[in-house]
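Okay, structure first, notes after.
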Amino acid sequence: MTEAPRLRVAMIGYGFMGAAHSQGWRVAPRFFDLAAEPVMSTIVGRDAARVEDARRRFGWERSETDWRQVVDDPSIDVVDICSPGSSHAEIAIAALDADKHVLCEKPLANTVGEAEAMADAAARAAARGVRSMVGFSYRRVPAIAHARALVREGRLGTIRQVRALYLQDWLTDENGPMTWRLDKEAAGSGSLGDIGAHAVDLVEHLTGSALETVSGTVTTFVEERPLLGETVGLSGTASTERGRVTVDDAAWFTARLTGGAAEGAIGAFEATRYATGRKNSLRIELSGSRGAIAFDLESMNELQVYDATDPAGDQGFKRIIVTEPEHPYMANWWPTGHAIGYEHAFSHEVKDFVDAITAGADPEPSFADGLHVQRVLDAVERSAATGSAWTSVEADGARKES
Ligand code: SOE
């Protein structure tokens with residue numbers, strides 16, 4: 001039997017996303033029949049000791065401190081970018097120009113300008129058969145994939161309203177330390193780009209529609225925090241060194257949508273890391289003329305479905321446990337009723353990316369999709385800066401949806 005071709009992977013970054021992506025690369029080939037075998041070749045990070053420790057723990061062959069080494073290495077086929085947003089453009093463009101397939105964490109970039117340059121490089125590379133994808137992993141949660149199928153089958157009818165609230169609370173303690181996610185230079189924005197990007201991408205992915213105009217507001221609740229390493233608990237002694245928070249702590253915006261199943265719909269969006277008690281609650285609700293769906297990431301194996309065409313006496317939200325083999329990805333995991341977790345979406349992401357590479361197809365979400373999300377985030381910030389005036393998302397052509 002001929003051996004499957006191998007894809008040698010280099011991953012940049014070893015924090016939370018580095019750990020999650022490592023699990024995806026390690027586990028996907030064991031549960032899905034991939035047409036190519038990913039080889040976890042090199043993990044890259046600036047701190048030699050810490051990246052070597054991550055290599056050992058996550059199961060990579062080599063560790064490296066300079067990303068340029070792997071971009072210049074002819075044996076590397078794939079570069080997976082899990083480092084802070086400020087590094088995405090330089091690394092992704094260099095890797096694409098070197099004919100490496102690129103998976104880049106979300107949001108695509110810190111600015112529209114960077115995202116445009118990345119999308120241009122991706123388009124040039126695609127003409128040479130080089131593939132690129134943005135790591136909006138929640139598209140690959142089975143309940144979300146199932147909801148999208150229901151929308152595409154017309155089960156919701158015309159979608160008139162969408163709600164997407166991404167609620168976390170890990171910043172509620174005002175004495176919590178500064179991190180790179182609170183520094184505009186490193187992260188580009190705060191809750192808006194970090195988690196609001198997921199809400200925007202998911203609504204557009206589910207409906208095939210695009211946010212066309214937005215009216216938003218952003219706010220920063222805690223302007224300064226102790227520098228990392230000098231943290232104080234709820235009742236600790238105050239740290240001497242403090243850093244300025246230069247990003248939004250919460251973003252709220254309304255939107256009008258165009259095209260797809262939500263043509264003409266209005267939407268309510270929220271992204272906050274101060275929703276006390278909400279740990280990782282990404283709540284999506286689509287309200288249509290024939291039905292509705294409701295999803296909460298904190299109950300990620302469930303989908304609430306309402307069929308407005310049922311006899312009046314039978315109508316109500318139905319709780320679907322999305323663990324049947326008929327549900328997307330689930331045939332490859334456990335028997336019915338056995339739930340999967342946050343990390344499984346990263347295995348699905350690796351599967352779909354490797355399948356696209358071996359099939360010579362462009363995976364989704366593309367860098368062009370990532371650029372569109374970046375334009376939405378930018379429009380929200382422009383709206384917030386002008387007293388929440390309705391602001392157009394710069395025309396960037398129709399979203400590419402299969
Ligand atoms: C933010 O806390 C965060 O880590 C996001 O950056 C990830 O994209 C999301 O999957 C989980 O929450």
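The values are calculated or read from the model by the stated rules, or taken from the named source; none is laboratory data. Just so we're clear, the structure is a prediction, and the values are computed from it rather than from any experiment. Positions of Cβ are backbone-derived with ideal geometry, glycine not excepted, and every protein chain shown enters the neighbour counts.
Here Ala28 clears all of (1) aliphatic (A, V, I, L, M); (2) touching a residue at least 40 places away in the same chain (Cβ under 8 Å); (3) over 14 Å from Val9 (Cβ atoms) except the condition numbered (3).
Strands (runs of 3 or more DSSP E) fully within region 254-306 that include at least 1 residues being more than 18 Å from His205 (Cα to Cα) and within 15 Å of the ligand (Cβ to nearest atom): 266-272, 281-288.
Select from region 161-176 the residues that are more than 16 Å from the ligand (Cβ to nearest atom) and touching a Ser or Thr at 6+ places or on another chain (Cβ under 6 Å) and list them in ascending order.
Let us first name the residues in region 161-176 that are more than 16 Å from the ligand (Cβ to nearest atom), namely 161-163, 174-175.
Answer for region 161-176, where residues must be more than 16 Å from the ligand (Cβ to nearest atom) and touching a Ser or Thr at 6+ places or on another chain (Cβ under 6 Å): just Gln161.
Just checking, how many residues over region 13-28 are away from the ligand (no atom under 16 Å from the Cβ) and either of a type in the set (Val, Ile, Thr) or touching a strand residue (DSSP E or B) at 6+ places or on another chain (Cβ under 6 Å) (or both)?
Start the filter on region 13-28 by keeping residues that are away from the ligand (no atom under 16 Å from the Cβ), which leaves 25-28.
Keeping just the survivors that are either of a type in the set (Val, Ile, Thr) or touching a strand residue (DSSP E or B) at 6+ places or on another chain (Cβ under 6 Å) (or both) gives 25, 27.
Residues that pass the stated criteria total 2.
Applying the criterion of being under 29 Å from Ala4 (Cα atoms) and of a type in the set (Asp, Glu) to the residues of region 334-380, the residue that is farthest from the chain's Cα centre (by Cα) is Asp355.
Please go through region 182-198 and give me each residue that is closer than 24 Å to Leu297 by Cα, away from the ligand (no atom under 11 Å from the Cβ) and of a type in the set (A, V, I, L, M, F, W, C), ordered by number. Give the derivation first.
So the first thing to find is which residues in region 182-198 are closer than 24 Å to Leu297 by Cα, and the list is 182, 187, 189-198.
Still in the running and away from the ligand (no atom under 11 Å from the Cβ): 182, 189, 192.
Within region 182-198, Leu182, Leu192 meet the criteria.
Within region 307-336, being assigned to a helix (DSSP H, G or I) and small (Gly, Ala, Ser) holds for Ala312, Gly313, Ala331. Here is the figure for region 286-320: residues that are loosely packed, with under 14 Cβ neighbours inside 10 Å and aliphatic (A, V, I, L, M) total 1. Just one of the numbered conditions (1) more than 19 Å from the chain's Cα centre (by Cα); (2) under 30 Å from Ala361 (Cα atoms); (3) within 16 Å of the ligand (Cβ to nearest atom) is not true of Thr179: (2). Could you tell me whether Ala339 is part of a loop (DSSP other than H, G, I, E, B), of a type in the set (A, V, I, L, M, F, W, C), out of contact with any strand residue (DSSP E or B) (no Cβ under 6 Å at 6 or more places or on another chain) and in contact (Cβ under 8 Å) with a residue 12 or more places away in the chain? Yes; evaluated as a whole, the condition is true for this residue. Among the residues of region 340-376, the ones that are among the aromatic types (Phe, Trp, Tyr) and away from the ligand (no atom under 16 Å from the Cβ) come to 2 in all. Could you say whether any residue in region 3-22 is farther than 15 Å from Phe353 by Cβ, at pLDDT below 95 and assigned to a loop (DSSP other than H, G, I, E, B)? Yes, that holds for at least one residue. A search for C-beta distances below 6 Å between a residue of region 277-294 that is without any contact (Cβ under 8 Å) to a residue 24 or more places away in the chain and in the same structural domain as Ala149 (by TED's automatic domain parsing) and any residue that is within 15 Å of the ligand (Cβ to nearest atom) and assigned to a strand (DSSP E or B), counting only pairs 6+ apart in sequence or on different chains, returns nothing.
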